[in-house]
Amino acid sequence: MLKTLPLIVSSLLLFSCCSPDTAQCAGSSLEGEKEFVRGINILSRNEECALRAIDGAASAGDNHLELSHRLIMNLCQLRDSSTLNMVSTLAARAHAEGISEVCVWDHALYDTDYYPTEFYYPGTGLLDLDKPELWDWIAADYRDMLSLCPEIDGLVLTFIESGAGIEHQFSSMSVPQRLAKVVNTVSKVVCGEFGKTLWLRTFAYNEKQYADITDCFEMVDWRQGMGLMIKESPHDFFLTHPANPLIGRLAHPTLVEFDACGEYHGQGVIAGMIPEYFAERWRSFRDLPDVVGYVARTDRCGDYQVIGTTMEINLHALRRVTDDALISVKDIEKEFITARYGSCALKPLRKAFRASRDIIDGSMYILGLNTASHSAFRLDDPSTFSRHVAGRWTGSDSVFLAHGVDREFHWWRDLVSVMAPPSCKKLDAKRAADISEVLAAGLIAEGELMSEEYIDYALAWTEDCLKGARNGLRALKRARRSLSPEDYSALFDMYERSLMCMRLRRDSLVVDWGERAMSRGEEFRTRSLERKVARARRQLRVEQRRYASYSKPYPKGTWDFLKDAD
């Protein structure tokens with residue numbers, strides 16, 4: 001007898017064996033609306049923050065919880081007693097508060113040295129995937145691991161670009177066949193024997209990997225309790241990327257993955273209240289036949305949790321669009337601000353919050369490229385100029401840049417070719433594979449191409465964004481009398497950090513790009529450029545002193561904001 005799945009998930013996952021029309025009826029209430037999965041994902045190994053998130057999520061009506069990253073990234077970590085105790089504690093708390101499904105993350109295969117050497121292909125150090133005994137061993141291992149923590153209700157399985165890298169092991173099978181072999185081996189135990197849920201996470205770096213994943217689904221033995229989890233944007237959570245085209249196309253129950261904390265755009269350190277983004281993106285997926293709900297990350301592996309803070313407005317947008325597909329962003333803002341800060345603060349705080357996108361664009365997305373490494377400032381990250389370029393996914397070679405620039409650029413010839421330092425044009429094999437068609441077409445010119453023209457574009461962009469940020473801060477100051485001292489201080493500190501971040505990055509960029517341009521020869525060393533670089537250096541010294549003297553507490557995830565000044 002199979003263990004009964006949580007009611008909400010089991011009813012939704014039955015969609016996979018129904019026609020679209022039947023599935024819609026099977027998951028509908030009397031009003032004809034789906035009963036959606038509404039989930040959060042906790043990444044940080046911080047029990048106090050996690051418990052606060054669980055309590056807040058439950059009180060908001062969320063019904064799905066995932067534990068991942070620093071908490072637990074692989075199921076085998078349950079063999080560590082501290083991890084097992086924390087997962088058990090959080091799962092018990094979630095169930096007690098009414099959250100019906102608790103899932104932990106897992107990756108397969110694990111690192112090669114996890115497996116007994118008897119399963120290696122002779123003389124290679126690679127696993128021999130053609131050995132039936134290896135798959136029997138893996139199935140037995142999953143039985144053992146699942147028995148350790150009966151409190152969990154399911155797994156979220158990433159099965160490509162994981163651990164050993166199944167595509168790199170020895171086998172006569174194609175890559176899609178190997179992936180299907182992993183999924184079928186794991187699902188037989190997780191769903192077939194333990195009656196738990198298995199969400200298959202489709203994370204991939206390029207179109208070839210997406211093709212391998214989707215091809216493997218044709219060979220998967222789909223069981224009751226299985227579904228997909230797909231990021232809202234292709235590859236990763238960049239605000240410049242389009243909606244993920246896989247969502248709604250694979251004819252299996254699909255959970256849409258969001259990031260409400262902003263791994264790539266601020267992690268709660270700077271203003272990141274962008275309910276319009278979350279509302280519109282979720283609205284575009286919400287009513288697709290196979291979409292059964294969403295899950296949103298609410299922290300970034302540190303001491304900060306968006307639930308209970310201003311940043312929760314992003315999560316509120318997902319919840320409210322789930323309830324009402326037609327609700328306006330204006331009404332979402334009104335509900336959140338009024339409930340948290342009072343009606344008197346609504347008008348100025350709405351304006352302050354709407355400066356968030358200017359702040360993000362002016363610090364994290366210079367000229368449309370994500371000039372940061374998981375939010376930390378970095379101008380020489382090869383991924384910025386390869387796998388993170390939105391032009392890989394937009395379906396257009398060109399992009400129109402606003403923010404005072406107001407012209408169209410070719411993603412590769414105009415932006416990457418100029419903005420990338422020569423060192424970042426020498427890509428390793430993985431990054432080169434991500435943009436193989438771009439490289440084959442010769443769209444990225446070699447050598448140093450930086451010029452004063454592009455520095456002026458960057459200055460126009462950042463100054464326009466700074467203007468929006470300053471307007472946001474002025475609006476916040478008008479709300480001071482309507483806010484408690486604690487609330488005003490927290491918001492003021494966020495906007496102060498935002499402006500510090502924007503100024504530091506603007507001036508660093510001018511110095512770096514200016515030096516690069518002038519290194520090309522005397523004809524590029526103009527007096528106007530020298531003045532711009534000298535001015536930026538003076539401003540940088542002022543900003544670095546401001547960073548050095550900053551003593552207020554601030555969110556710490558994988559980005560430590562003060563270290564940018566180094």
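The values are calculated or read from the model by the stated rules, or taken from the named source; none is laboratory data. Nothing here was measured: the structure is a model prediction, and the numbers come from that model. Every residue, glycine among them, receives a Cβ derived from its backbone with ideal geometry; neighbour counts consider all protein chains shown.
Pairing each residue of the range 255-278 that is closer than 24 Å to Met229 by Cβ with any residue that is among the basic types (Lys, Arg) and in a loop (DSSP other than H, G, I, E, B), provided the two are 6+ apart or on different chains, yields C-beta distances under 7 Å for Cys261/Arg300; Glu263/Arg300; Gln267/Arg300. Taking every residue in the range 41-52 that is in the same structural domain as Ala91 (by TED's automatic domain parsing) and among the hydroxyl-bearing types (Ser, Thr, Tyr) and pairing it with any residue that is in a helix (DSSP H, G or I) and at pLDDT below 95, at least 6 positions away or on another chain, yields no pair with a Cβ-Cβ distance below 6 Å. Here the condition is being touching a residue at least 40 places away in the same chain (Cβ under 8 Å), surrounded by fewer than 20 Cβ atoms within 10 Å (Cβ to Cβ) and either among the aromatic types (Phe, Trp, Tyr) or over 19 Å from Asn46 (Cα atoms) (or both); of Thr112, Thr117, it holds for Thr112 alone. Looking only at the range 468-488, decide whether some residue is among the hydroxyl-bearing types (Ser, Thr, Tyr) and either closer than 29 Å to Ser508 by Cα or surrounded by 15 or more Cβ atoms within 10 Å (Cβ to Cβ) (or both). Yes, the range 468-488 contains at least one residue that is among the hydroxyl-bearing types (Ser, Thr, Tyr) and either closer than 29 Å to Ser508 by Cα or surrounded by 15 or more Cβ atoms within 10 Å (Cβ to Cβ) (or both). Within the range 359-393, restricting attention to residues that are hydrophobic (A, V, I, L, M, F, W, C) and in contact with a strand residue (DSSP E or B) (Cβ under 7 Å, 6 or more places away or on another chain), the residue that is nearest to Val510 (Cα to Cα) is Leu367. Only one of the listed residues (Ser343, Ser383, Ser363) is surrounded by fewer than 21 Cβ atoms within 10 Å (Cβ to Cβ) and closer than 30 Å to Lys425 by Cβ. That residue is Ser383. Scanning the range 125-145 for residues that are part of a loop (DSSP other than H, G, I, E, B) and either among the hydrophobic types (A, V, I, L, M, F, W, C) or at pLDDT below 95 (or both) gives Gly125, Leu126, Leu129.
For the range 215-241, a tally of residues being surrounded by fewer than 18 Cβ atoms within 10 Å (Cβ to Cβ) and among the small types (Gly, Ala, Ser) returns 0.
Regarding the range 333-344, can at least one residue be identified that is among the aliphatic types (A, V, I, L, M), within 22 Å of the chain's Cα centre (by Cα) and modelled with pLDDT of 95 or more? Scanning the range 333-344, I find no residue that is among the aliphatic types (A, V, I, L, M), within 22 Å of the chain's Cα centre (by Cα) and modelled with pLDDT of 95 or more, so the answer is no. Among the conditions (1) closer than 22 Å to Leu473 by Cβ; (2) crowded, with 22+ Cβ neighbours inside 10 Å, Gly368 misses just one, which is (1).
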